[in-house]
Structure formats: structure tokens, C-alpha cells
Amino acid sequence: MNRIRQDRIKKYIENQNIVTIKELRELFPDVSLMTLHRDLTALEEMGVLTKFRGGARSVHQRDEVEFDIRMKENNAGKLSMVKKAMKLIKAQSSLFLDASTSNLFLASKLPDVDLNVTTISPNIALELCKLKNPVVNLCGGTMNRRTLSVSGVNTLDLLDRINIDLAFIGVSGCSAEEGFTCGTEADMLIKSRVIRKARTTVVLCGADKLKRLMPYTFATFSDVDYIISDQPLPEAFVQKCQENGVKIL
């Protein structure tokens, strides 16, 4: 029975890339939590998956999709989200834009008005330099070549010293059960730090991200104020938003 169950888990993770313990308990309601953990350990030893707290991911699942690939994905959806995001931005406010490609699109559409914008993305900083009026703050840190973003102690130090009116945060994956997720611990630390600092947090979540779940949860629904998507959200998401007072745009 162990081999049959482990084969089912293997096929599931090959299709979904990531599995949580909660999902496994739903798939195998008669199996103990300890047994499921042993199954994941056995599959990890076989080289099928990599365990993380609360679940496991396929060895073929990369932490983050490379920037140039993400720039070609769902661009129409990103532009749709940007139009909604623009309605929240007011002159003389302080913004934070993370390194998501949705925020690069947002930066390209910002009005040339008095704004103070902080980012961890050199690409976004360069895009903003095309405007004359916004003050542009680029965090220092260690460059991630895959995501074209900076992170580290210096990044977190600057974020601790600034005030943020409105933070726009991209996601790599999300679910009604696990919240908003990303692929690296460094990205999780930055996003969660910004959310604690910001007066208002806006999550940019394209419909394509609803099908993915990444290893690190950086926020739950109670941590954010707005969710902007390019398509209607599933009922489970809408219910979570209503329960936590999150506005959907």
C-alpha cells in the first residue's frame, strides 16, 4: 500500500509541481499525518521531490521563473491590472514597487507627478527615471540574476527606515488556503517586511498565479487591503476576501 500511495503522490506532484500536507490529507483521509511525512521523506530520498515546511515541491520546479520569460507571460492581463492599480495612486504619496513584471508595467504607466517611489528592481528604477518628478529610491543589496532584484541585509535595512503609503506586491502563486506565496526566502522577507510597513497593501494577482503554489507564504488575506486580478476570482477567494475585509478590483 505504501508504494501505491507514494506513486499517487509522485504523479500528483508531477502534475501540480507543489503539494501541501493539507492537500495530502484530503487525498488520503485515512492516513496519519506522520505516515504522509514519511512518504514525502521516502520520495525525497528517491530524488522525486524536495520537502519544505508544510509540503514539498517537484525537483523540476524552479524557485522562480526567469525574468525574461515572465515578461512574455500574460501581458494583456498585466495591463488590465495596471489600469485598476492607477486608480489608487495619488500625487505626493510614497509608493513601493517590488520586482514583479506587473510592477514594471505599472512603472511604465505612472504619471509624471510628485511621488516618492522605492523599489528593489533596477529595471523599475530605470523605467521611472524617464519621468522628471518622482523621487526614485533603489534599494541596495545582492542581485538575483534570475529575478533581476536585490535582497539582503542592506535591502531590509533601508526598508526599515522608510515610510510607505501604498505598496504594490506581486505574487508567484497563491491559494485560498495558503495565502500569497513566493519562491525564495529572501523575497519572502522583503515582501513581509514591506507589508508590515505600508499603510495600504495591494496584491497584484493574475489569474495564471491561482494555479501555482510556491514554497514560502509571505502574507495571508488578513495582511492585505486590496487584491487586483485580471479575471474574476474563484468563489473561495472571494469568500476569503469578504471574511477579511479585502477589497477586490
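Note down the relative contact order for segment 1-58 as a percent, whole number, built from C-alpha pairs under 8 angstrom at least six residues apart. Each step should come with its number before you reach the end.
Numbers: 47 pairs, mean separation 23.0, N = 58.
Relative contact order here is 40 percent.
Per residue, the average separation of C-alpha pairs within less than 8 Å and at least 6 apart gives the chain a relative contact order of 15 percent.
Using the per-residue mean of other Cβ atoms lying within 10 Å as a proxy for protection, in what order, highest first, do the peptides 196-206, 79-89, 20-30, 99-109 fall?
The peptides rank, most packed first, as 99-109, 196-206, 79-89, 20-30.
Listed values for segment 144-154 are Karplus-derived 3J(HN,Hα) couplings in whole Hz (6.51 cos²θ - 1.76 cosθ + 1.60, θ = phi - 60°), namely 8, 5, 6, 9, 6, 9, 10, 7, x, 4, 4, and x replaces Gly and Pro. Computed extension length for Glu26-Arg161: 44.2 nm, one decimal, from 0.36 nm per residue of separation with the Cα-Cα distance subtracted.
Does segment 3-42 come out rounded, prolate or oblate by the C-alpha gyration tensor, with a ≥ b ≥ c the root eigenvalues, rounded set by a/c under 1.5 and, if not, prolate when a/b is larger than b/c and oblate if not? Let's see the in-between values first.
Details: a/c = 1.57, a/b = 1.30, b/c = 1.21.
Judged from the Cα gyration tensor, segment 3-42 comes out prolate (a/c at least 1.5, a/b above b/c).
How big is the Cα convex hull of segment 93-249 in projection, averaged over all directions, in nm²?
Here the figure is 8.4 nm², rounded to one decimal.
In segment 98-242, Cα pairs under 8 Å separated by at least six residues give a relative contact order of 20 percent. For the chain, the fraction of 1.4 Å probe accessible surface lying on carbon and sulfur atoms is 48 percent. Note on Ala91 and Val153: the extension gain reaches 19.3 nm, defined as 0.36 nm multiplied by sequence separation minus the Cα-Cα distance.
The values are calculated or read from the model by the stated rules, or taken from the named source; none is laboratory data. Keep in mind that this is a model prediction, so the values were computed, not measured. Neighbour counts run over all protein chains shown; Cβ positions are idealised from the backbone, glycine included. In case anyone asks, the SASA skips ligands and DNA or RNA and just uses the protein heavy atoms, side chains included. Shrake-Rupley method; radii C 1.70, N 1.55, O 1.52, S 1.80 Å.
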